[in-house]
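Participant: Just dropping this structure here.
The values are calculated or read from the model by the stated rules, or taken from the named source; none is laboratory data. Small disclaimer: the values here were computed from a predicted structure and weren't measured. Neighbour counts are summed over all protein chains in view; Cβ atoms, including those assigned to glycine, are modelled from backbone coordinates with ideal geometry.
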Amino acid sequence: MARSKSWLGRTVRAVVWTLLSCVVLSGLAVLMLRWVNPPYSAFMAESQIAAWTNHDSAYVFQHAWADLNRISPNLPLAVVASEDQKFPEHWGFDVESIEKAYALNQHSHRVHGASTISQQVAKNLFLWSGRSYFRKGLEAYFTVLIEGFWPKRRILEIYLNIAEFGNGIYGAEAAAQRFFHKSAARLSRSDAAVLAAVLPSPEHYSAAAPSRYVQQRRDWILRQMQALGGPEMLDEIDAYPNSKH
């Protein structure tokens with residue numbers, strides 16, 4: 001009996017120390033990325049491995065980092081208008097949108113999401129695709145770390161550099177060069193709105209040849225960009241009470 005209790009105690013201590021180590025290491029990794037630009041993301045790795053496994057010859061990986069001050073302010077404004085209009089105000093989760101999505105999902109076969117930009121960064125940068133509760137729990141955990149350690153501008157900067165805008169095309173600079181033959185710094189309002197319009201499903205929508213749906217969504221995003229106050233809104237993003245410096 002004593003030997004059994006000793007084994008159980010060692011097992012519990014090992015589990016506790018393992019969990020504490022994971023918490024500390026993940027926290028340090030997120031903190032480091034406040035200043036260090038990630039060269040890759042978990043989603044990029046997963047997509048590239050899938051392309052190799054499936055012998056997808058159409059998949060060509062393209063990615064180039066661009067600091068936020070080298071990206072036209074039209075693009076961050078467009079993605080906030082399109083993806084997460086409460087981004088400057090929330091702490092990583094839009095509770096109202098989550099409640100609405102939950103209510104819709106009770107009566108619909110189509111799954112409605114309510115992920116904020118911060119949640120999308122957490123998922124794409126650190127995790128694998130899927131809808132398990134365990135993965136969603138990790139997504140929430142990393143979202144809290146990201147919001148706690150990074151200023152809002154850094155969250156936007158990393159989001160714009162790891163987001164997929166087309167098959168194998170990651171980040172604002174690669175997308176601008178591929179679809180508009182210009183640098184990310186020269187993206188117009190319309191260019192930015194098109195890129196934001198394809199973000200929900202870049203494997204189905206094309207920024208190079210926008211469908212009628214993408215064009216309609218582009219026009220809606222342009223109206224939302226104007227309603228948010230234009231690029232000047234981004235100058236005040238870290239002045240919100242919930243934003244950190």
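Participant: I'd like the full set of residues that are touching a strand residue (DSSP E or B) at 6+ places or on another chain (Cβ under 7 Å) and either part of a loop (DSSP other than H, G, I, E, B) or without any contact (Cβ under 8 Å) to a residue 12 or more places away in the chain (or both), limited to the stretch 1-57.
Facilitator: Once the filter is applied, which keeps residues that are touching a strand residue (DSSP E or B) at 6+ places or on another chain (Cβ under 7 Å) and either part of a loop (DSSP other than H, G, I, E, B) or without any contact (Cβ under 8 Å) to a residue 12 or more places away in the chain (or both), the stretch 1-57 yields nothing.
Participant: When you go through Arg178, Arg153 one by one, which is the residue that is surrounded by fewer than 18 Cβ atoms within 10 Å (Cβ to Cβ) and more than 17 Å from Trp35 (Cα to Cα)? Spell out the reasoning first.
Facilitator: Details: Arg153 fails: more than 17 Å from Trp35 (Cα to Cα).
Just one listed residue meets the conditions, Arg178.
Participant: Restricting the search to the stretch 56-92, which residues are surrounded by fewer than 18 Cβ atoms within 10 Å (Cβ to Cβ), more than 21 Å from Gly166 (Cα to Cα) and among the aromatic types (Phe, Trp, Tyr)?
Facilitator: Hit for the stretch 56-92 is Trp91, nothing else.
Participant: Filter the stretch 1-56 down to residues that are more than 30 Å from Leu156 (Cβ to Cβ), among the hydrophobic types (A, V, I, L, M, F, W, C) and not assigned by TED's automatic domain parsing to the domain that holds Glu147, then give me how many there are. Steps first, please.
Facilitator: Initial filter on the stretch 1-56 (more than 30 Å from Leu156 (Cβ to Cβ)): 1-21, 52-56.
If we keep only those that are among the hydrophobic types (A, V, I, L, M, F, W, C) too, we end up with 1-2, 7-8, 12, 14-17, 19-20, 52.
The next check asks that each one be not assigned by TED's automatic domain parsing to the domain that holds Glu147; those that pass are 1-2, 7-8, 12, 14-17, 19-20.
The total comes to 11.
Participant: Further, regarding this structure: Conditions: (1) crowded, with 19+ Cβ neighbours inside 10 Å; (2) at pLDDT below 95; (3) more than 19 Å from Ser41 (Cα to Cα); (4) of a type in the set (A, V, I, L, M). Leu199 meets all but one. Number of the miss?
Facilitator: Single failed check for Leu199: (3).
Participant: Please indicate, with yes or no, whether at least one residue in the stretch 65-73 is within 17 Å of Gly168 (Cα to Cα), assigned to a loop (DSSP other than H, G, I, E, B) and out of contact with any helix residue (DSSP H, G or I) (no Cβ under 6 Å at 6 or more places or on another chain).
Facilitator: No, the stretch 65-73 has no match at all.
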